[in-house]
Amino acid sequence: MIVDSMYNDSQLIISLLGNCIMHSFRIPIKAALIASLALIASSAHALDIVFDYRFDRNGWFSTDSDAGLMRRNVLEQAASVFSGFTDSLSAIQPGAGDSWSVRFQHPSWNSWIENVTVTDLYVPENSMVIFVGASSFNGSVLGAAGGGSIRAQGSQDFLETVTARGQEGALEDVPTDVGPWGDSIWFNSHFSWYAGLDESGLAAGQPDLLTTATHEIAHLLGFGASTAWDALLLPTDDGWVFAGEHAVAAYGDMVPVDGGAHWAYGVQGRINGELVPNLMDPGTPFGNREYFSDLDYAALADIGWQVSAVPEPSTIWMLLLGLIGVFGRWQRKQSTLITSK
């Protein structure tokens, strides 16, 4: 995501040119053997990801079907991977002269250029809103997240809240933090997805909804799609590398990246000390489930998220299976025209 800012006496213009992240699982890679998810935090500042289904016009997540309910449960589990993240995200609360709208790709689009606008969305404190949906596309893309535009007008405090959610580092010339309000994710319903919680039910040749959803949420958190991420990319003779302090410590060197938005193929992280493929590389094989590695978490810490310790897999799975349905949802970040009064 590229940010260009310009100030004058009457308006603040911020251009957030979001990467449209398409995660297509085509490359055979060894699957992760051990699950490792973020600790479910009880802090008042724990991140709450809120899924909004109002644009699920094809009923892919419908509560009237077992399949729709299962897919919702998988999204909640994907969100819980980040429930151990803590921060102090200000609420976006329009009113009293403060107004905003967001325009983004319809998450159940009939054509790739179909957009939808939401006006004066309320985003609670320490929460993000993700609009989700699905439609059929006869191609290799499994899902997409990112792109769109924000318009806002009102007080300077409101404008800064819309763009940075109270994260001062996100407003710096060289950003050191992120303050997303949300985004949208589209899933390709053309595929026969596995939407179960038990990995043993995942069949060969079947894409895993949990893996894809977790990957796309991470992009909306800023992985590969934020100015704080871009600020930590460095060019080398062999291509771009990510130079975040936590990621370098986890990997032992600056980390090679692919296309500026993913870890390069062949870069491995660790889960409970064992080398595994990273969830945030460009591809995952059909018929396999992958999990967030220490390197994946480290990158999000480098762009400003406060990441808690990771528990043993057996502990987190017991918690998740008992708490599916408790967690929340999300939205997106985009090309922005913001006018102050």
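Laboratory data are not the source of any read-out in this text; all were calculated from the coordinates shown. None of these values were measured; they are calculated from a predicted model. Note that we place each Cβ from the backbone using ideal geometry, even for glycine, and neighbour counts take in every protein chain shown.
Report the FRET efficiency, 1/(1 + (r/R0)^6), for Glu168 and Ala203, where r is their Cβ-Cβ distance and R0 is 45 Å, rounded to 0.05.
Approximately 0.40, to the nearest 0.05.
Could you work out the relative contact order of the stretch 194-313, using alpha carbon pairs under 8 angstrom and six or more residues apart, expressed as a whole percent? Display every interim value, and only then the final one.
Details: 181 pairs, mean separation 31.2, N = 120.
That works out to 26 percent.
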Summed side-chain charge close to Ala164 - residues other than Ala164 whose Cβ falls under 10 Å, Lys, Arg +1, Asp, Glu -1
-3
By the mean-Cβ-within-10 Å protection proxy, highest first, 114-124, 74-84, 298-308 rank as 74-84, 298-308, 114-124
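Once you have the Kirkwood Rh of the stretch 111-186 from its Cα pairs, apply Stokes-Einstein at 4 °C and 1.567 mPa s and quote D in µm²/s. Display every interim value, and only then the final one.
On the way: Rh = 14.6 Å.
Taking Rh from Cα pairs, D becomes 89 µm²/s.
Stretched out fully, how many nm does the piece from Ala243 to Asn58 gain, at 0.36 nm a residue minus the Cα gap?
Numbers: separation 185, 0.36 × 185 = 66.60 nm, distance 4.20 nm.
Separation in residues times 0.36 nm, less the Cα-Cα distance, equals 62.4 nm.
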Based on the alpha-carbon set only, what is the convex hull volume of the stretch 201-297 divided per residue, in Å³?
99 Å³
